[in-house]
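Bear in mind that the values in this text are calculations on the coordinates, not laboratory data. Computed from a predicted model, the values in this text were never measured in an experiment. Here the Cβ positions follow ideal geometry from the backbone for every residue, glycine too, while neighbour counts run over all protein chains shown.
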Amino acid sequence: MMPSSHPPALRRGIPSREARWLLLSLAACLLAGGCSSLSMGRSRRGPDRTNLAEIGGRNPGKIAGPTERKLSAGLWAKEKSRGGDTPDMAQALARYDAACALYEQKRYSEAEKSFKQLAKDRRATYESFAIRWQRRWGFKDAKETDPYAQYGDPVEEDAMFMIAESQFAQQKYSWAQDSYDSLLERYPSTRHMEPSTQRLFRIAMYWLEFSREVGDLGDVQLTKHESIDPAKPPKAPSTPRLAIIPNVTDRSRPVFDTHGRALQALRSIWLHDAAGPLADDALMLSANHHLRTGDPVEAARLYKLLREQYPDSPFFQDAHLLGAYVTYASYEGPQYDGRALQEAKELKTVALQLFPNLTEDERERLQKDVQKLRNAEIARLWDLVDFYKSKNQPDSVALHCQLIINRFPDSPYAEKARAELAKVQPRPAKATRKPAPKPAESPAAADDDGDDDNQEFDFGNGPYRATTPAPQQFPDVDANPVELPGHIEIDEDS
């Protein structure tokens, strides 16, 4: 029997090393390119997705507002009442109702697992392996190839919301915050926008140790939404912990950086629902936290953002008063930039003119603050006087003393400026132009100088004597009048 010419590996049905490398290279190319052959079975795994906008009640291409979200919720309620238009949708709704039953029975952990599995299965009905691979590794074009990134699956949307609700009920607030953020990022126009932002606000209030009532530190009371309480009764404000110290005892708080996570939750509220009822509350709470922790620069920025973006907010007056306070607190002295000082003065002046409901004590305190800021502004000019004195520049010293006297004649610095101005002897200005030339003398005067006007010059061919010509004598017209024919001579004596 003739021996086979094929290698032993192929005779046993095992591919050679070269063949294995070829298969691996081909698979890598298909995954990297997002080959459409990997998603050919997408239409076989789920219903037709051409009417996704009708299923979700969505308007692609823009973010839905409150009215559109209500219309979307109404359309989805009708869809649920019919039990789903397809067997796949009917099965998904049945699983969703079963998970909701677990939630109603306060079996939150089991309900969370059921909702997670439901959301995962719903996403698998329309998401190919290539899309999952691209999303897993963070490719930018993953949403472009994902049809549900624009329209969404209503069952998945509800399941993602209930995952966060189950975690919130278990007081796993850091997990709940991540789940609410995932919902808002995947469904920017979610029908659960208002309850999600309320939950995030309650979590932030608990983590930042705020309450609805005004505390001992004089925090601004959030009176716009009196029904919103912290997720748990907050503790008394304690000394801030380092963000790198882990939390291993309290499951209701994050492991690291509790305050940073709370500010992240508040930022998510006014970014995803900028026109919502809690957007200005989130900004105000963030600014108050920075005021409490001694960060006047960030607090001033947030108060300014609140004044500019929400002029009809009930916190508009507080944003002016507290904004002026933290803006002046960020002023570092006359040796530094004076924009913070000027802005604080303008805010307090505007508050006096804009808010007639100020009490007499508040108005008197604001007037004193304006005068204090005015004195600080004069101190900046006097600091320049001291600076130029140290540089021995009396002209600049005199200039700034004159500025103080002219702008603030009744201030104490004006008297100091007058006294300093009396000591200063400004140096005379240096002449920068040559004196004007003397006028030319008359020929007669030039001839009386006694010098010889005849000069000799030697051009190489012998001396040459230059003689200055005598001035030309003109006849006296009046002495010899000329008679012209046809003219009549008039005797002036007659």
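Would you kindly derive the ³J(HN,Hα) couplings of region 343-360 from the backbone phi angles with the Karplus curve 6.51 cos²θ - 1.76 cosθ + 1.60 (θ = phi - 60°), listing them in order in whole Hz, with x for Gly and Pro?
5, 5, 5, 5, 5, 5, 5, 5, 4, 5, 8, 9, 10, x, 7, 5, 6, 5
Report the label-to-label distance for Q105 and E415 in nanometres (one decimal), using points 7 Å from each Cα along the Cα→Cβ vector.
Using points 7 Å along Cα→Cβ, the separation is 8.7 nm.
Kindly rank 89-97, 202-210 from highest to lowest mean number of other beta carbons found within 10 Å of each residue.
So the peptides 89-97, 202-210, ranked by packing, come out 202-210, 89-97.
Let's see if you can work this out: charge +1 on each Lys and Arg Cβ, -1 on each Asp and Glu Cβ, no other charges. What is the dipole magnitude of region 379-423 about its Cα centre, in debye to the nearest 20?
60 debye
Sort T359, T293, T258 by Cβ crowding within 10 Å, fewest neighbours at the top.
Fewest to most other Cβ atoms nearby, the residues stand as T359, T293, T258.
To the nearest Å, what is the center-to-center distance of region 286-300 and region 346-379, using C-alpha atoms only?
21 Å
Which order results if Y126, Y108 are arranged by neighbouring Cβ count within 10 Å, fewest first?
Y108, Y126
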